[in-house]
Amino acid sequence: MEGNDVQSNGFKASSLGLPSFIDTNSPQFPIVSVATYLPEGPVAGAGQGAFPRSAASGSVDFVKVRGPHQLSFGYMAVAADENGGRFHFTPFNFDTLFTSGPDPKAPASGTGDSAASMLMGLPASGNTGIAISQVSRTWFHGVYLQDDWKATRKLTLNLGIRWEVQRPVTDRYNRQASFDYSAVNPISSAVGQNYLGQLVFASSSNRGLTNTNYKNFAPRIGFAYQFMPKLVMRGGYGIFYPPSYRGTGPAPGFSSDTPYVASNDGGLTPANTLTSAFSGGLVPVSGSALDGLTNVGQSVTAVSRTRKTYYDQQWTYGIQYAPTSHDVIDLTYVGNHGVHVVTSGLNLNQLDPKYFSMGNALLNQVSNPFFGHITSSGCSLDQPTIAQGQLLRPYPEFCDINENQDPAGSSSYNALQVGYTHRLTQGLTLLGSYTFSKFLDNVGGPENWASASANFSENIRNVYNLAAEKSVDATDTPHSFVLSYVYELPVGKSKKFGSGMNGVLNQVLGGWQTSGTLTLKEGFPLTVTGSNTNNFGVGQHVNVVGNYHLANPSPTEWFNTGAFATAPAWTLGDAPRYFSDLRAPGYRNFDLSIQKYFPVTESVRIQFRLDMFNAFNHPNFYSPNTFIGGGFGTINQAWTPRLMQAALKLYW
């Protein structure tokens, strides 16, 4: 069972002046996110919830040895169940949208304050809604054939192939829906013009969320060759298929999202305040009764049935040398290429930047062809007039269409790994490793919520040109060094020093041991963000307007904040997703442990140990604030200072 039991469970949002229906469907404190300030409430959607998960597996394997060949083949099946869910959270996001100026169409850089927006009750976005508990299952099947072939006395080959079939996730009650981007939406007949895109609900005869790919073949090849008695060369290549869709699928109609409508004119004037939030009530739960009309006028979480399959190509080549019987040196090159890398989500209803030349004319109000046919909307599709830019979106009858876990990205990782192992001699065991690497991609991956940058969105400017988003990954760490040791002090009975000391003295001076780990890592790359001055689902990076490096960076100014500016409206910004040459502080840490063993009998002993984490109390700072606004470029947090703990253990 996985889940969260938040401190604010049972909180009534109506006590803050919000509608009382939130008390039932989102009984916890709202998520209040104020740009450049710490948030309040259950952060990142980790609200009250429970997720009973289980996995059942079965396999059969056969092995036959024939001369120099060891042949093996088999089959494995896994049934993974994802159940449960969370209460629908209620977030409000405040930025400088309504407080920057003086011209809201072209606000001056550095104007506006997100805290002022909060005090005025003017969030830039928000939502609430109704959530359901999922009851889903995904089947994974795999068949493999492998030959481990001792080709010569010095050469061993590993040759194999695996066929994998990932069945689509299903819901016990068929509440899931995929999105058909090429289907004509039923609202077209009422409006008198064809509009593409609609939700397609599962049925008893077609329960899966996506189509099944039966072409997932994964060849594997590996070798080991002994050049000399103390020198071995190893290498390999393989294709691997991670789960192509994780978790449960969207269930629109059975759950609902009710957006907070901040503005009807692209952020020029507020349409609501917190006192009038969700005044139209909740978007109703209709099940699958509306069919293709479900969520028309609203934003949609979409999953295309015709998804590509995410896979990784991995290869390695290395040598291993043993200069002595106690020492081993490894030198290895490791490569990885991700194909159709799954993103956390992309807005496929983004206005194409080719229309940017229209400028603020995109905000001009024009006659709304959907008026009278759409009665509730999160982007003004229920109003008599609508912004011109909304009608130029690929699927104008919807607000945003967030393709969930879209397999649209690519990645590459290349690393040189050096390892050293010293096996126990004279009381010393030593392990050392150094990695020099580079990790590039154009999307954040399916688990980007866990990235070091804590950037919970993909930060993509233009879904029509993902190649322009290529940068180092949020977790790119070019240099990493780790050294650990265990050393038994050579003092006491049967030791080099004091072997003849008496029992009392041996209890005091003998049996001591120390161990430690030294970790040195380069800092993670930074992403610099600001208020998005674009509309209609278009992303935006900031502009780089100067040299962002400082000769002497400090926690009060980690980089030159004057080197960045919010990009003007209807531009994408020129900063990369992540800067390879602008990084958070590095990590330097030494953990130390001292242990002493007291023999009681031949089979019983007592251990005293003192552990010191960050033994030298070296300050390791967090990343700086990288949002243009208050506190920009400053560091106000650090990792844990020195911690010490003592313990007694009885071994028998």
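Every number in this text was worked out from the coordinates using simple rules, so none of it is lab data. Here the structure is a predicted model, which means the values were calculated and not measured. Using ideal geometry, Cβ is built from the backbone for each residue, glycine included, and neighbour counts are taken over all protein chains shown.
Summary of values
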| quantity | calculated |
| --- | --- |
| Backbone N within region 508-539 under 15 Å of label point (7 Å from T640 Cα along the Cβ vector) | 517 |
| Computed lengthening from K64 to R246, 0.36 nm per intervening residue step minus Cα-Cα distance | 61.9 nm |
| Added length on full extension, which subtracts the Cα-Cα distance from 0.36 nm per residue, Y317 to T385 | 18.2 nm |
| Ratio Rg/Rh [Cα only; Rh per Kirkwood] for the chain | 1.03 |
| Environment charge at S412 (Cβ cut-off 10 Å; Lys +1, Arg +1, Asp -1, Glu -1) | 0 |
| R0 of 60 Å, Cβ-Cβ distance D611-I132: FRET efficiency to nearest 0.05 | 0.85 |
| Exposure proxy ranking, count of Cβ atoms within 10 Å, fewest first, for T99, T128 | T99, T128 |
| Contact order relative to length of the chain, as percent, for alpha carbon pairs under 8 angstrom and 6 or more apart | 9 |
| Sequence-distant residues sharing a close amide H with A302 (under 5 Å, placed H) | N402, E403, N404 |
| For region 561-605 versus region 485-531, the gap between their alpha-carbon centres in whole angstrom | 23 |
| Over region 274-420: Kirkwood hydrodynamic radius from C-alpha pairwise inverse distances, Å | 19.9 |
| Positive-end residue of T519, N535, W652, charge dipole of region 512-652 with Cβ unit charges | W652 |
| Range of Cα positions in region 560-600 per principal axis (Å), largest first | 77, 19, 15 |
| DSSP-defined antiparallel bridges as percent of all bridges, the chain, nearest 5 | 95 |
| Exposed-loop-free span, longest in the chain, where GluC sites (Glu not before Pro) count as exposed if DSSP calls them loop and at most 11 other C-beta atoms lie within 10 Å | 1-446 |
| Proximal charge balance of D180 [Cβ under 13 Å; K/R count +1, D/E count -1] | 0 |
| Dipole-positive endmost among S189, T36, T435 within the chain (Cβ charges, Cα centre) | T435 |
| Sparse-neighbour loop sites [trypsin sites (Lys or Arg not before Pro); region 1-94; at most 16 other C-beta within 10 Å; DSSP] | K12 |
| Sites S182 and D81 - FRET efficiency at Förster radius 51 Å, r taken between beta-carbons, to 0.05 | 0.95 |
| Using a Förster distance of 30 Å, the FRET efficiency for N552-D574 (Cβ separation, nearest 0.05) | 0.65 |
| Nonlocal amide H pairs with I31, under 5 Å, H built at 1.01 Å | T90, F92 |
| Charge context of T429, other residues only, Cβ under 11 angstrom, K/R +1, D/E -1 | 0 |
| Calculated from backbone phi, Karplus (6.51, -1.76, 1.60) coupling profile of region 295-311 in Hz, x at Gly/Pro | 6, 5, x, 10, 7, 10, 8, 10, 9, 6, 5, 9, 6, 7, 9, 6, 8 |
| Under the Karplus curve 6.51 cos²θ - 1.76 cosθ + 1.60, θ = phi - 60°, whole-Hz ³J(HN,Hα) for region 490-507, x wherever Gly or Pro sits | x, 10, x, 4, 6, 10, 5, 10, x, 5, x, 5, 6, x, 5, 5, 5, 5 |
| Value of D in µm² per second that Stokes-Einstein yields for region 483-622, Kirkwood Rh from Cα pairs, at 4 °C (1.567 mPa s) | 64 |
| Distance violations [Cα-Cα > 24 Å] among K493/K649; K150/K230; K64/K215 | K64/K215 |
| Full-stretch length increase - S14, K649 - with 0.36 nm per residue and alpha-carbon distance subtracted | 223.3 nm |
| Set of aspartates and glutamates with alpha-carbon distance to K308 below 17 Å, sequence-local pairs under 8 removed | E164, D180, E403, D406 |
